Amino acid sequence: MTHRTRHTMTAAASGVAVALALTACAGGSSDDEAQGAGTSGDQEDITIAIHNGWDEGIAVSYLWANLLESEGYSVELEMADPGPVYTGIAGGQFDVNFDMWLPITHEDYLEKYGDDMEQLGSWYDDAKLTIAVNEDSSITSLSELGDAAEAFDNRLVGIEPGAGLTRITKESVIPTYGLEGMEFIESSTPAMLAELTGAVDAERDVVVTLWRPHWAYDAYPIRDLEDPELALGEAERIEMVGRTGFGEDFPQLAGWLAEFTLTDEQLFSLENIMFNENQGEDNEASVEQWLEENQEFFESIKDAAGEA
């Protein structure tokens, strides 16, 4: 998403996807083996395409890679920028992507490639830009921030100057809510998080630009300020999209995905383990840790899909 700075993962300099083979499940070559993960009739091999550097997509893709491997699928993850991801989905090189932001961010890709893709449902519906404060702050709305600026040392802490969130804050939020008297600090995402950490530890008020989903909501006692004028824009949903024929080739998986959702608490805790506690260094182990803490997660999806 162009208005956010995200956790960086390695990709080829050309932008071509880098294959990350997670497993090579007993690789028979018979037609029967190629067409049946477990007893479902699904194809065994599946390629998940991930937007390089998009934390929620990385987290959910590794989560599903783990779940599918446990069911006998052979999973490959491929990293690329959104353009190559959707080109690959439409062309059949990739099977599925978990991170299509609609109706705004990826609208152009849906319009361009939608006839060659299958929309598989939405798993998160509160993806948005935010302005967040410490949980015990006395204010609840951006409309109150100007009058309460002194409590925050007249500072609104932002992220990278080139981020869309920074632009929208300067062009929309500040003039809409009369925040011209506050110093808007354009820094970096790590610097913003360091400022947030220091303020929380010192039990002082702080206000930062942020976005959902983000692991900070699990790691810190913070909450969003209300945005009654919608200066930050409305929330988007995050959808899953597959290549043409996905539902026919993966009927069981399509049924699971139709029942798949994550709450804020689930998603933020998964991201916190993966990108904060483990610094993105062992995503497979991070997923295992999260599943240990959420042991009923996959069974509840199966039950909802009628596999109780």
Matching strands (runs of 3 or more DSSP E) fully within the range 198-308 where at least 2 residues are under 18 Å from the mean Cα position of the chain (by Cα) and within 30 Å of M182 (Cα to Cα): 207-212
Residue within the range 39-53 that is in a loop (DSSP other than H, G, I, E, B), under 18 Å from the mean Cα position of the chain (by Cα) and modelled with pLDDT under 95 present: yes
Test for D125: is it within 22 Å of the chain's Cα centre (by Cα), of a type outside the set (V, I, T) and at pLDDT below 95: no
W256 under 15 Å from A59 (Cα atoms) and among the aromatic types (F, W, Y): no
Residue list for the range 136-163, filter: buried (at least 18 other Cβ atoms within 10 Å of the Cβ) and more than 20 Å from T197 (Cα to Cα): L142, L145, A163
Neighbours by Cβ (under 6 Å, 6+ apart or cross-chain): first from the range 64-80, in contact (Cβ under 8 Å) with a residue 24 or more places away in the chain and part of a helix (DSSP H, G or I); second of a type outside the set (A, V, I, L, M) and surrounded by fewer than 18 Cβ atoms within 10 Å (Cβ to Cβ): E69/T23
Criterion violated by Y177 - all others in (1) touching a helix residue (DSSP H, G or I) at 6+ places or on another chain (Cβ under 9 Å); (2) closer than 29 Å to Q266 by Cα satisfied: (2)
Candidates E171, E180 - the one that is among the charged types (D, E, K, R), over 30 Å from E239 (Cα atoms) and either buried (at least 17 other Cβ atoms within 10 Å of the Cβ) or not assigned by TED's automatic domain parsing to the domain that holds M100 (or both): E180
Residue count, the range 145-172 (criterion: part of a helix (DSSP H, G or I) and touching a residue at least 12 places away in the same chain (Cβ under 8 Å)): 12
Breaking point among (1) farther than 18 Å from A65 by Cα; (2) among the acidic types (D, E); (3) modelled with pLDDT of 95 or more, for D108: (3)
Residue match in the range 86-109 (condition: among the hydroxyl-bearing types (S, T, Y) and assigned to a loop (DSSP other than H, G, I, E, B)): yes
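The values are calculated or read from the model by the stated rules, or taken from the named source; none is laboratory data. Source: prediction; values computed, not measured. Cβ: placed from backbone, ideal geometry, glycine included. Neighbour counts: every protein chain shown.
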